[in-house]
Amino acid sequence: MNINENLTDIRQKIRIAVERSGRRVETVKIVAVTKTIPVENIQEAYQVGQKVFGENRVQEWQKKNILLPADCEWHLIGRLQTNKIKYLDSNVALIHSLDRFSLLEKLNAEGEKRQIIWKTLIQVNVAKDDAKAGLEVEEVNDFLETVRDYPYVQVLGLMTIGKFNACPEDTRGYFRKLREIRDALIRKDIRNKEELPHLSMGMSQDYELAVEEGATIVRIGSSIFGSRN
Ligand SMILES: *Cc1c(COP(=O)(O)O)cnc(C)c1O
């Protein structure tokens, strides 16, 4: 397992995919997903220039945040329990998994208390793989309207997880759907284009498809660090 080679390979594949989508390579950010990955391996990635990391668990993030250099950019990507919000701080660059009203309320309350405006993405259950995998497509409009009443939560775009073991055509369909949802929100003037810049979609299995369909953030774990199960 060579983390440097893996990252080089992934960056090359993204460069090719992004050209197919008619964008510049700087428009795609790689979040290296570090769940279950030891700190030494994360440091290795850091040393070859990967500074954006994603964790699922708040307590894991806390440990790693302390041990890694301060210029790392940390994203939270997993389902966020409301009783863990108190452990977050302004070192969390982006929360990918705003998926319910209770989380919006609690994030806002904690943000107000500590004067932090949380940057978030709304997780959308495009593939309907799992009842807990985000807001339903039909709920996104209203939810985003509601967010306006919560000034300590800023939504910068949408996130989705594909379906486990789906075929590439279906996966592409889910990613395209997420982009269309975002575009419709802009068309309906619920937000303007600059307010919803991000689509977080694509993991080790399917990040090239996601980039072709407009991903600005890909979340890649096992293709960088190897599979640990
Ligand atoms: C684990 C995880 C990833 C990365 O998955 P890989 O298949 O290892 O690339 C991405 N997003 C979320 C939400 C995850 O939990």
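In this structure, is residue 194 more than 9 Å from the ligand (Cβ to nearest atom), under 20 Å from residue 22 (Cβ atoms) and in contact (Cβ under 8 Å) with a residue 12 or more places away in the chain? For residue 194, the condition - more than 9 Å from the ligand (Cβ to nearest atom), under 20 Å from residue 22 (Cβ atoms) and in contact (Cβ under 8 Å) with a residue 12 or more places away in the chain - is not met. Of the residues that sit in the range 200-225 and are of a type outside the set (Asp, Glu), more than 12 Å from residue 6 (Cβ to Cβ) and not in a loop (DSSP other than H, G, I, E, B), which one is nearest to the ligand (Cβ to nearest atom)? The selected residue is 219.
Residue under question is residue 93, and the condition is that it be surrounded by fewer than 18 Cβ atoms within 10 Å (Cβ to Cβ) and modelled with pLDDT under 95; does it hold? It is false that residue 93 is surrounded by fewer than 18 Cβ atoms within 10 Å (Cβ to Cβ) and modelled with pLDDT under 95.
Name the residue that is farthest from residue 134 (Cα to Cα), counting only residues in the range 158-180 that are among the aliphatic types (A, V, I, L, M) and open to solvent by 20 Å² or more (accessible area, probe 1.4 Å). Even if it seems obvious, please write down each step before you answer.
Looking only at the range 158-180, we keep the residues that are among the aliphatic types (A, V, I, L, M), and these are 158-159, 161, 166, 178.
Within this subset, residues satisfying the condition of being open to solvent by 20 Å² or more (accessible area, probe 1.4 Å) are 161, 166.
Working: 161: 9, 166: 18 Å.
So, considering only residues that are among the aliphatic types (A, V, I, L, M) and open to solvent by 20 Å² or more (accessible area, probe 1.4 Å), the one farthest from residue 134 (Cα to Cα) is 166.
Among the conditions (1) open to solvent by 30 Å² or more (accessible area, probe 1.4 Å); (2) more than 25 Å from residue 105 (Cα to Cα), the only one that residue 194 does not satisfy is (2). Only one entry in 174, 152 is of a type in the set (Ser, Thr, Tyr) and more than 20 Å from residue 217 (Cα to Cα), namely 152.
Checking every residue in the range 89-100 against the condition of being part of a helix (DSSP H, G or I) and either more than 15 Å from the ligand (Cβ to nearest atom) or touching a strand residue (DSSP E or B) at 6+ places or on another chain (Cβ under 9 Å) (or both) gives zero matches.
Quick grid of which residues meet (1) of a type outside the set (Val, Ile, Thr); (2) part of a loop (DSSP other than H, G, I, E, B); (3) within 16 Å of the ligand (Cβ to nearest atom); (4) buried (at least 23 other Cβ atoms within 10 Å of the Cβ):
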position	(1), (2), (3), (4)
112	yes, no, no, no
119	yes, no, no, no
127	yes, yes, yes, no
133	yes, yes, yes, no
138	yes, no, no, no
145	yes, no, no, no
150	yes, yes, no, no
156	yes, no, no, no
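In the set 55, 19, 26, only one residue is within 20 Å of the chain's Cα centre (by Cα) and modelled with pLDDT under 95; that residue is 26. Of note, residue 35 satisfies the criterion of being within 16 Å of the ligand (Cβ to nearest atom), touching a residue at least 24 places away in the same chain (Cβ under 8 Å), touching a Gly at 6+ places or on another chain (Cβ under 9 Å) and open to solvent by 30 Å² or more (accessible area, probe 1.4 Å).
Need the failing condition index for residue 108 against (1) among the polar types (S, T, N, Q); (2) touching a residue at least 40 places away in the same chain (Cβ under 8 Å); (3) closer than 30 Å to residue 208 by Cβ, just the number. Of the numbered conditions (1) among the polar types (S, T, N, Q); (2) touching a residue at least 40 places away in the same chain (Cβ under 8 Å); (3) closer than 30 Å to residue 208 by Cβ, the odd one out for residue 108 is (3).
Of the listed requirements (1) touching a helix residue (DSSP H, G or I) at 6+ places or on another chain (Cβ under 9 Å); (2) surrounded by 17 or more Cβ atoms within 10 Å (Cβ to Cβ); (3) under 25 Å from residue 13 (Cα atoms), residue 221 misses just one: (1).
The values are calculated or read from the model by the stated rules, or taken from the named source; none is laboratory data. What you are looking at is a predicted structure, and each value in this text was computed from that prediction instead of being measured. Cβ sites come from the backbone with ideal geometry, for glycine too, and all protein chains shown count toward neighbours. Only protein heavy atoms, including side chains, enter the accessible area calculation; ligands, DNA and RNA are left aside. Shrake-Rupley method; radii C 1.70, N 1.55, O 1.52, S 1.80 Å.
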